[in-house]
There are 2 protein chains.
Amino acid sequence: MKFCSDCAHPVALAIPEGDNRPRYVCAQCDAIHYQNPKLVIGSLPVWESDGELQVLLCKRAIEPRYGYWTLPAGFMENSETTAEAAIRETEEEAGANIELGPLFTLLNVAHVHQVHLFYLARLRDLDFAAGIESLDVRLFSERDIPWDDLAFPTIRKTLELFFADRVKIREGGSYGFHSMDIVRPMRAASDPG
Amino acid sequence: MKFCSDCAHPVALAIPEGDNRPRYVCAQCDAIHYQNPKLVIGSLPVWESDGELQVLLCKRAIEPRYGYWTLPAGFMENSETTAEAAIRETEEEAGANIELGPLFTLLNVAHVHQVHLFYLARLRDLDFAAGIESLDVRLFSERDIPWDDLAFPTIRKTLELFFADRVKIREGGSYGFHSMDIVRPMRAASDPG
């Protein structure tokens, strides 16, 4: 941020009175421009048939991580709820019609100022198709999940927690709600700079 | 938003290519300025002594809702996790030192573009004191909660769900995780305009 979005005067970082951290403030109109984390919301859509469960993944047609696989997800928009965001993103990216289940994961990605939420979901039918932001949309059994080609750590973690809960369910448990932090990978000690 | 925060040129609402809703876009530098919901995060700090449970509330020293009672909560900041935000806000507004428990409520307030999260928490000691944004900080038993003077619907809903879960706990249950939508109060049919 270089200029005030209210009056176009250059902004500068300063700690406002009564605050304790630097904000972009405008010396001309006194506006304070706060910057806050964004919510990324998606679903984990499943299809069960003949006792076999499959998960819907989308191959990204956009950067970052073009060509990698993801659960349908995206930035929450103003004026919608978290559940509405999950349903909308699943429709936009995968053309999929889902019955939304409970919230399954909340994953903090503090180093990019994001909080990711994923809902469990059930596909109502198999009429899905890649949206404008996807190259491909496919169902994967657990053994076929492209673990090495997943787009983001929050996708891997959500899928890992899902299949771990499936094991518990076979033993009489149920899906939990999981809250975790994704920490930026540390540089190796030998890494120069 | 009136001016581009990157180049100071006036912005206009337009639907960018590949998008489906109006954004503030800059015709000079092509920047798209997205606006997204904000996370408000807080805690529900309790103190149990001699079999009696009390909840910590803060009397607001700032607008909106100056003078009304709230759970300690505020906007999540960049570079922190949701749990860190809950602990920080509780320290800032109530001077309280808490042991954070699990996430308890997720409340959508779509008409003001906010998502509120509240964590269960246990006070480590009674050394709390009103911070700069609070007029007073006090412990309340359930029968003394100032229900008519609570600041926001998400505070009321979180407290209601908490005391309802307490009843279930006495019957052998446990605290749940609750996700709900707060809907803007409808105008009465007789309301002119």
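The values are calculated or read from the model by the stated rules, or taken from the named source; none is laboratory data. Because the structure is a prediction, the values reported are computed rather than measured. Methodologically, a virtual Cβ is constructed for each residue, glycine included, from the backbone with ideal geometry; neighbour enumeration extends over all protein chains shown.
Between a residue in region A:80-91 that is facing chain B (nearest Cβ under 8 Å) and any residue that is surrounded by 22 or more Cβ atoms within 10 Å (Cβ to Cβ) and of a type in the set (Val, Ile, Thr), which pairs come within a Cβ distance under 7 Å, given they are 6 or more apart or on different chains?
A:THR82/A:ILE41; A:THR82/B:VAL115
Checking B:SER49 against (1) out of contact with any strand residue (DSSP E or B) (no Cβ under 6 Å at 6 or more places or on another chain); (2) outside the structural domain of B:ALA96 (by TED's automatic domain parsing); (3) at negative phi, only one condition comes out false. Which one?
Unmet for B:SER49, out of (1) out of contact with any strand residue (DSSP E or B) (no Cβ under 6 Å at 6 or more places or on another chain); (2) outside the structural domain of B:ALA96 (by TED's automatic domain parsing); (3) at negative phi: (2).
Taking A:VAL46, is it more than 12 Å from every other protein chain (Cβ to nearest Cβ) and either surrounded by fewer than 22 Cβ atoms within 10 Å (Cβ to Cβ) or within 13 Å of the chain's Cα centre (by Cα) (or both)? Give the steps one after another, and end with the answer.
On the way: more than 12 Å from every other protein chain (Cβ to nearest Cβ): yes; either surrounded by fewer than 22 Cβ atoms within 10 Å (Cβ to Cβ) or within 13 Å of the chain's Cα centre (by Cα) (or both): yes.
It is true that A:VAL46 is more than 12 Å from every other protein chain (Cβ to nearest Cβ) and either surrounded by fewer than 22 Cβ atoms within 10 Å (Cβ to Cβ) or within 13 Å of the chain's Cα centre (by Cα) (or both).
Does region B:38-59 include one or more residues that are under 28 Å from B:ASN108 (Cα atoms) and not in a strand (DSSP E or B)?
no
Would you call A:ILE41 among the β-branched types (Val, Ile, Thr) and loosely packed, with under 13 Cβ neighbours inside 10 Å? Don't jump to the end; show me each part of the working.
Numbers: among the β-branched types (Val, Ile, Thr): yes; loosely packed, with under 13 Cβ neighbours inside 10 Å: no.
Criteria not met by A:ILE41.
How many residues are surrounded by 10 or more Cβ atoms within 10 Å (Cβ to Cβ) and modelled with pLDDT under 95 when one looks only at region A:176-193?
Filtering region A:176-193 down to residues surrounded by 10 or more Cβ atoms within 10 Å (Cβ to Cβ) leaves A:176-184.
When the remaining residues are screened for being modelled with pLDDT under 95, the result is A:176, A:183-184.
Result for region A:176-193: 3.
Within region A:97-118, is there a residue that is under 16 Å from A:SER43 (Cα atoms), among the charged types (D, E, K, R) and more than 18 Å from the chain's Cα centre (by Cα)? If you could, list the steps in order and put the result at the bottom.
Initial filter on region A:97-118 (under 16 Å from A:SER43 (Cα atoms)): A:97-107, A:115-118.
This time we only want the ones that are among the charged types (D, E, K, R), so: A:99.
Narrowing further to those that are more than 18 Å from the chain's Cα centre (by Cα): A:99.
Within region A:97-118 (the criterion being under 16 Å from A:SER43 (Cα atoms), among the charged types (D, E, K, R) and more than 18 Å from the chain's Cα centre (by Cα)), the answer is yes, since at least one residue qualifies.
Could you tell me which of the residues B:ASN108, B:ASN97 is touching a Ser or Thr at 6+ places or on another chain (Cβ under 9 Å) and free of Cβ contacts under 8 Å to residues at least 40 places away in the same chain?
Working: B:ASN108 fails: free of Cβ contacts under 8 Å to residues at least 40 places away in the same chain.
Selected residue: B:ASN97, the only one of B:ASN108, B:ASN97 that is touching a Ser or Thr at 6+ places or on another chain (Cβ under 9 Å) and free of Cβ contacts under 8 Å to residues at least 40 places away in the same chain.
Could you list all residues from region B:97-130 that are at the interface with chain A (Cβ under 8 Å from one of its Cβ atoms) and in a loop (DSSP other than H, G, I, E, B)?
Residue satisfying the conditions is B:HIS113 alone.
State which residue is farthest from the other protein chains (Cβ to nearest Cβ) when the search covers only region B:1-43 and only residues that are under 19 Å from A:TYR34 (Cα atoms) and small (Gly, Ala, Ser).
B:GLY42
Table: residues versus (1) among the polar types (S, T, N, Q); (2) modelled with pLDDT of 95 or more.
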| position | (1), (2) |
| --- | --- |
| A:VAL11 | no, yes |
| A:GLN28 | yes, yes |
| A:ILE32 | no, yes |
| A:LYS38 | no, yes |
| A:PRO45 | no, yes |
| A:ASP50 | no, no |
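Name every residue in region A:131-183 that is hydrophobic (A, V, I, L, M, F, W, C), more than 14 Å from chain B (Cβ to nearest Cβ) and outside any helix (DSSP H, G or I), in order of residue number.
From region A:131-183, those hydrophobic (A, V, I, L, M, F, W, C) are A:132, A:135, A:137, A:139-140, A:145, A:147, A:150-152, A:155, A:159, A:161-164, A:167, A:169, A:177, A:180, A:182-183; that's our starting set.
Retained after the next criterion (residues that are more than 14 Å from chain B (Cβ to nearest Cβ)): A:135, A:137, A:139-140, A:145, A:147, A:150-152, A:155, A:159, A:161-164, A:167, A:169.
A:LEU135, A:VAL137, A:LEU139, A:PHE140, A:ILE145, A:LEU150, A:ALA151, A:PHE152 - these are the residues of region A:131-183 that are hydrophobic (A, V, I, L, M, F, W, C), more than 14 Å from chain B (Cβ to nearest Cβ) and outside any helix (DSSP H, G or I).
Do you know which residues across region B:49-67 are surrounded by fewer than 11 Cβ atoms within 10 Å (Cβ to Cβ) and within 14 Å of chain A (Cβ to nearest Cβ)? Before the answer, list the steps.
First, the residues of region B:49-67 that are surrounded by fewer than 11 Cβ atoms within 10 Å (Cβ to Cβ): B:49-52, B:63-64.
Matches in region B:49-67: B:GLU63 only.
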